[in-house]
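Data block below; observations after.
The values are calculated or read from the model by the stated rules, or taken from the named source; none is laboratory data. Please read these numbers as outputs of a predicted model, since none were measured by experiment. All Cβ positions, even for glycine, are placed from backbone atoms using ideal geometry, and neighbour counts span all protein chains on display.
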Amino acid sequence: MNPLPIPKELNVNEWFVILSIVATYPIFFLLKRNMPVSMMILIVLFSATIARITDHVLSGPPLDLYDVMDSANYDLFDILYYLLYGPFAYLFLYIYEKFVIKGVKLFLYIVALSILSVVYERITVWFGVFTFKEWRSVYSFPVYLLIQSLTIWYYRFLRKFIKTH
């Protein structure tokens, strides 16, 4: 038994994940480092873990509000999909740090990025990464507000313990 099966055919959702990785990871690696590699790894793991936990709670029983990818079975593309959260989280924090966003601007930044996250989610629905049952993209907005706020909090927490410059 293969622990991470590969789909027999690549559907549009798998191609979307592949193209998204090809588009986002070069940006991730080409941006000037504004944090140590150890912190980057923790941010990538944090963002993928939060996404996985959120999807597990909302898409699994008893709620079963949506499906992720093609099947209920976990495969290679589920992991690849969750790895997409890393570059987005890093870019989110890169901009936050580079422009020293604070106060009301931080609130507006989180709101704006949450709106962009909902737009990106809608695109993933069009490509079949998510299949909504009882879920609507508008429900995701407060979830993104919370997750992006937690990401900022986690980043600030890490900065206290990891030398950043």
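Each residue in segment 98-114 was checked for being surrounded by 13 or more Cβ atoms within 10 Å (Cβ to Cβ), among the hydrophobic types (A, V, I, L, M, F, W, C) and either part of a helix (DSSP H, G or I) or in contact (Cβ under 8 Å) with a residue 24 or more places away in the chain (or both), and 5 of them qualify. Of note, residue 43 does not satisfy the criterion of being over 11 Å from the mean Cα position of the chain (by Cα) and either closer than 20 Å to residue 147 by Cβ or touching a residue at least 40 places away in the same chain (Cβ under 8 Å) (or both).
Checking each residue in segment 55-77 for being at pLDDT 90 or above and among the acidic types (Asp, Glu) picks out 55, 64, 67. Could you please find all residues in segment 117-137 being of a type in the set (Gly, Ala, Ser) and not in a helix (DSSP H, G or I)? 128, the sole residue that qualifies.
Could you list, in sequence order, the residues of segment 57-97 that are hydroxyl-bearing (Ser, Thr, Tyr) and either surrounded by 13 or more Cβ atoms within 10 Å (Cβ to Cβ) or under 11 Å from the mean Cα position of the chain (by Cα) (or both)? Matches in segment 57-97: 59, 66, 74, 81, 82, 85, 90, 94, 96. Inside segment 138-165, residues that are outside any helix (DSSP H, G or I) and farther than 14 Å from residue 38 by Cα make up a count of 0. Every condition in (1) modelled with pLDDT under 95; (2) over 12 Å from residue 151 (Cβ atoms) holds for residue 86 except the one numbered (2). Filtered by the rule that a residue be more than 12 Å from residue 42 (Cα to Cα) and either in contact with a His (Cβ under 6 Å, 6 or more places away or on another chain) or without any contact (Cβ under 8 Å) to a residue 40 or more places away in the chain (or both), segment 146-160 gives 146, 149, 153, 156, 160. Residues that are in a loop (DSSP other than H, G, I, E, B) and either over 26 Å from residue 112 (Cα atoms) or of a type in the set (Val, Ile, Thr) (or both) within segment 38-92 comprise 60, 61, 62, 63, 64, 69, 70, 71, 72, 73, 74, 75, listed in sequence order. Scanning segment 10-37 for residues that are of a type in the set (A, V, I, L, M, F, W, C) and part of a loop (DSSP other than H, G, I, E, B) gives 10, 31, 35.
Does residue 57 satisfy the condition of being free of Cβ contacts under 8 Å to residues at least 12 places away in the same chain and hydrophobic (A, V, I, L, M, F, W, C)? So residue 57 fits the description; yes.
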